[in-house]
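*Asks:* Once you've had a glance at the structure underneath, I'll fire off some questions.
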Amino acid sequence: MDLLKTLVDKGLRGESPTREEALAVLATSDDELLDVVAAAGRVRRRWFGRRVKLNYLVNLKSGLCPEDCSYCSQRLGSGADILKYTWLGPKEASEAAAAGVAGGAKRVCLVASGRGPTDRDVDRVAKTIEAIKEHNEDVEVCACLGLLSDGQAERLRAAGADAYNHNLNTSENTYGDICTTHDFADRVATVKQAQGAGMSACSGLIAGMGESDEDLVDVVFALRGLDPDSVPVNFLIPFEGTPLAKEWTLTPQRCLRILAMVRFVCPDVEVRLAGGREIHLRTLQPLALHLVNSVFLGDYLTSEGQAGKADLEMIADAGFEVEGAGTATLPEHRRGAAGGCGHAEGSCAPRPDTAQEDASAVPAAARTDLVAVRRRGAGTDLPPNA
Ligand code: SF4
C-alpha cells in the first residue's frame, strides 16, 4: 500500500501524517491489518527498539468524585461497586509503589479522584513522593490529581514529581457529551501548566466512547499540538453503574488500528497501552507491543488487569524486553525538550492515496465477564498485583 509506505517514510523521519492519512489508517480493512501493524512497528522500532516501559498505578484516593465524566467509575452518582477510600498515607502509598517497582515498573503514577487538588492535598502528595523516592531513588513519579490551580504545578515539581498526567480523552467537539462539569479547555490548560512548571507531560485519550474516526484523529492531533512526552491510549472499560456501561463497540482489530494511528501521528513519543487492553484486545494484546513502547503493569485504578506476571511473560514471549531504570525512554532529540512529534505544524506532505473502506467491521460483543472491579492492592489489606 502506498499509504503505508508514505507513513513509514514519514515516521522514520519523525514526521507525522496528514489528518487524511491518519483517517485512512482507521479505515483500513481486516485484510490489511497485519500490514498496518508491521508498518507502524517499523516506526516504533526506529525510535524505541524492542523496549517496553512499565508503569504502575497507585490510586491514592478512590471514588466519590464530584465531577460527572461519563466513562468513569468514580464519577458523581456512579453505581459501580468500586473501592472507595480517601487519601492513602505516604507509607501505604510507598509500599504499593514499591511492589510495582519490584515488578519492573520504571514509573509510578500517583492518581487521586476529584476535580483537582487543594493545596493541602498537594502537601500530602509531596510527602508521598518523598517517601517513594527515599526507597526508590531512580523511579519516575507522575502525579495525576486533576485540574491544577495556579502554583500547584510548581509545588509538585519542587516536591520531586517528574511528570504530570492529565488526559484530553476525546475531541473538543464531543467533550461536552462525556462531561459537563469541566471542559476541554480546562484540560488543555492543566497540561500546559504542568509543562510550564518543568514536568514531563503525559496526556492521552479514551477510545470506544461512541466517537467517530474524525473525533479520534482530532484528539490525537490536539495531543500532538500540546507536545506531551507520553500518550496513554485507553480503551473504555464499560463499568456497570456508569452511563457508558452498554458501550461495547471496540474490536481487537479496531484497537490495533487506533494504536497504529497514534504511533504514526506521534512517531517518537512514548505511546502507552493503558486501561482496557485485556478486555478489548484480548488474545491480540501481544500484537499491540509492536505499536506501543509502554504499558501499565498489573491493575488499573478501579479495575483489575491481568496478573503482573502474565504481563512480563507476554512481553518476553513476543520478543520484547522490559526497559531498565538506567535507559532513557525517549529518543535523544526529545529529552528535556518540547519536541512535539518531531515535525513543524503543516510541514506534512499531502496524502497520496486512499484506503479501502473496512467492509469487515463487526459489532463487538459485550464482554462484561471480563470487567473485574479491583479488590486488592492500594486501599485494601491484600497484596498488589505487580
Ligand atoms: S474528574 Fe477524574 S475521578 Fe472525577 S469523574 Fe472525572 S475522570 Fe473520574
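The values are calculated or read from the model by the stated rules, or taken from the named source; none is laboratory data. The model shown is predicted, which means the values in this text are computed figures rather than measured ones. As a convention, Cβ positions derive from the backbone with ideal geometry for all residues, glycine included, and neighbour counts pool all protein chains shown.
*Asks:* Quick check on region 131-165: of everything there that is among the acidic types (D, E) and at pLDDT 95 or above, which residue is nearest to the ligand (Cβ to nearest atom)?
*Replies:* D150
*Asks:* Being touching a strand residue (DSSP E or B) at 6+ places or on another chain (Cβ under 8 Å) and charged (D, E, K, R), is that true of even one residue in region 202-222?
*Replies:* The answer is no; no qualifying residue exists.
*Asks:* Okay, next question. Working carefully through the options E32, E15, find the one that is outside any helix (DSSP H, G or I) and among the charged types (D, E, K, R).
*Replies:* Criteria check complete, one pass: E15.
*Asks:* Please go through region 67-96 and give me each residue that is surrounded by fewer than 17 Cβ atoms within 10 Å (Cβ to Cβ), within 16 Å of the ligand (Cβ to nearest atom) and among the small types (G, A, S), ordered by number.
*Replies:* G77, G79
*Asks:* Tell me the residue from L54, L26, L64 that is among the aliphatic types (A, V, I, L, M) and surrounded by fewer than 16 Cβ atoms within 10 Å (Cβ to Cβ), please.
*Replies:* Checking each option against the conditions leaves just L64.
*Asks:* Name the pairs: first residue in region 181-202 and modelled with pLDDT of 95 or more, second residue of a type in the set (A, V, I, L, M) and within 16 Å of the ligand (Cβ to nearest atom), Cβ to Cβ under 6 Å, at least 6 apart or on different chains?
*Replies:* Hits for this filter: D186/L147; R187/L168; T190/L147; T190/L148; Q193/L148; A201/V191; A201/A194.
*Asks:* Of everything in region 288-310, what is part of a loop (DSSP other than H, G, I, E, B) and under 29 Å from G241 (Cα atoms)? Give them in sequence order.
*Replies:* L297, G298, D299, Y300, L301, T302, E304, G305, Q306, A307 - these are the residues of region 288-310 that are part of a loop (DSSP other than H, G, I, E, B) and under 29 Å from G241 (Cα atoms).
*Asks:* If you don't mind, there's one more thing I want to ask. For a quick check of your reading of the model, give me the residue pairs whose first member lies in region 56-73 and is without any contact (Cβ under 8 Å) to a residue 60 or more places away in the chain, whose second is not in a loop (DSSP other than H, G, I, E, B), with beta-carbon atoms closer than 6 Å and at least 6 apart or on different chains.
*Replies:* K61/A112
*Asks:* Which of the strands (runs of 3 or more DSSP E) found entirely inside region 169-244 contain at least 2 residues meeting this: out of contact with any Asp or Glu (no Cβ under 6 Å at 6 or more places or on another chain) and not hydrophobic (A, V, I, L, M, F, W, C)?
*Replies:* In region 169-244, the matching strands (runs of 3 or more DSSP E) lie at 230-235.
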